[in-house]
1. Would you call Arg155 surrounded by fewer than 19 Cβ atoms within 10 Å (Cβ to Cβ) and without any contact (Cβ under 8 Å) to a residue 12 or more places away in the chain?
2. Restricting the search to region 376-394, which residues are assigned to a loop (DSSP other than H, G, I, E, B) and surrounded by fewer than 22 Cβ atoms within 10 Å (Cβ to Cβ)?
3. Consider Ile379 against the criteria (1) modelled with pLDDT of 95 or more; (2) more than 22 Å from Leu193 (Cα to Cα); (3) touching a Phe, Trp or Tyr at 6+ places or on another chain (Cβ under 9 Å): it satisfies all of them except one. Which criterion is unmet?
4. Name, by its number, the condition in (1) over 30 Å from Ala223 (Cα atoms); (2) buried (at least 20 other Cβ atoms within 10 Å of the Cβ) that does not hold for Gly335.
5. For the subset of region 178-191 comprising residues that are more than 14 Å from Gly227 (Cα to Cα) and at pLDDT 95 or above, which member is surrounded by the most Cβ atoms within 10 Å (Cβ to Cβ)?
6. Of everything in region 80-120 that's within 17 Å of the chain's Cα centre (by Cα) and among the small types (Gly, Ala, Ser), which residue is surrounded by the most Cβ atoms within 10 Å (Cβ to Cβ)?
7. Out of (1) assigned to a helix (DSSP H, G or I); (2) surrounded by fewer than 19 Cβ atoms within 10 Å (Cβ to Cβ); (3) charged (D, E, K, R), what's the single condition that is false for Arg49?
8. Could you please tell me which pairs satisfy a Cβ distance under 9 Å, a separation of 6+ or placement on different chains, a first residue in region 92-108 that is assigned by TED's automatic domain parsing to the domain that holds Leu283, and a second residue that is assigned to a helix (DSSP H, G or I) and of a type in the set (Phe, Trp, Tyr)?
Amino acid sequence: MTRCDHRGGSSLADALAAELEALKTEGLYRARSSLESSQGPRVDVAGRRYVSFASNDYLGLAADPRLVEAAREAAGRYGIGAGASHLLYGHGCVHDELEQALAAFVGFPRALLFSTGYMANLGIVTALCGRDDEIFADRLNHASLNDAMVLSRARFRRYPHLDLDRLERDLARSRARRKLVITDAVFSMDGDLTPVPELVDVCERHGAFALLDDAHGFGVLGAHGAGILSHFNARSERVLYMGTLGKAAGVYGAFVAADSAVIDYLVNRARTYVYTTAIPPMLAAVLARSLEIIRSEDWRRRHLSELRRALTEGLGPDGARLLRSPTPIQPFVLGGVDQAMRAAKELEAEGFIVPAIRPPTVPRGSARLRISLSAGHRIADVARLATALRSVGQ
């Protein structure tokens, strides 16, 4: 038995250091890099400028001058912090206006703001499900959905990725009070889509509800960027829609859109909403401006399509390594951790930032470079990247 060191708890530090060394040995250790510039298609890191394919700023709005100006104006009017939770006078008219605009944009009666997508998923799932309920989850779901599922204390089943036949069999066997299917709408590491119309049909046949996490589809897919439901022209009262506002929207936060009764229930029961400080009113005002840009500037989504085509054509035969996606997420699968890490380093030397994605984020044997396209990229940027990728793919 290891004796505790009461002087400073160094035994814990030693144990954690050993675990960190094991991560380094396996090539799974992670460390941060610090940007010295604003987020965008070109960033400065450690005194050098790179073309970045690492950001989820899909529409190139994170440093848009119009949003910067909106932030200045809103800071002068509302100040910086909300100062309290939404239920204790941290909620303002600017939050109301943004929620109404978001609900109308994605086609739901109501919407509710959360501070992050992670907090939204935790709040929604744990509020709606408990010990008498059952959750059904795609095996490749984001960590926030997985954590929410566990914290809810509901029974849960994970079905193979996009296997709706298996999902239907599991739902048919369930005798739970409430059945909730939780899934990414766009899977963040593969870029593939949940077939929403078929999923909705399965849920309706078995009395289940569905939570769609559209973190990577909102602003990118559908008419004017209205998301996955618009993309498939799908509607159902059984769907709860979660979108994030720190990716394509370029700012911060998240929201859930649903029936009015669902929103009222979450206001009262979603712990990550009730017990946290409200999103700054300044950011709510900036998000309202961002939403106007998303809705009106379809050229950004058209340009993303042109960039995807240029990448595929530029890769030639090496394009077979791409997991094709109708989104800006273009994974270039290499397989081994060492191979992916080496490729990322080689690209960095060529002036590109393309992150290597390793287990446990993706299954073992499928380590990859996650190429994230932005409307701020030029066709020439993607052509140069394709040339470099052909070399590292060897």
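1. Details: surrounded by fewer than 19 Cβ atoms within 10 Å (Cβ to Cβ): yes; without any contact (Cβ under 8 Å) to a residue 12 or more places away in the chain: no.
Here the answer is no, as Arg155 does not meet what is asked.
2. Answer for region 376-394, where residues must be assigned to a loop (DSSP other than H, G, I, E, B) and surrounded by fewer than 22 Cβ atoms within 10 Å (Cβ to Cβ): Arg378, Gly393, Gln394.
3. Failed condition: (3).
4. (2)
5. Among those that are more than 14 Å from Gly227 (Cα to Cα) and at pLDDT 95 or above, it is Ile182.
6. By that ranking, first place goes to Ala120.
7. (1)
8. Gly92/Tyr78; Val94/Tyr78
The values are calculated or read from the model by the stated rules, or taken from the named source; none is laboratory data. Computed from a prediction, not measured in an experiment: that's the story for all the values here. Reconstructed Cβ throughout: ideal geometry from the backbone, glycine too, with neighbour counts over all protein chains shown.
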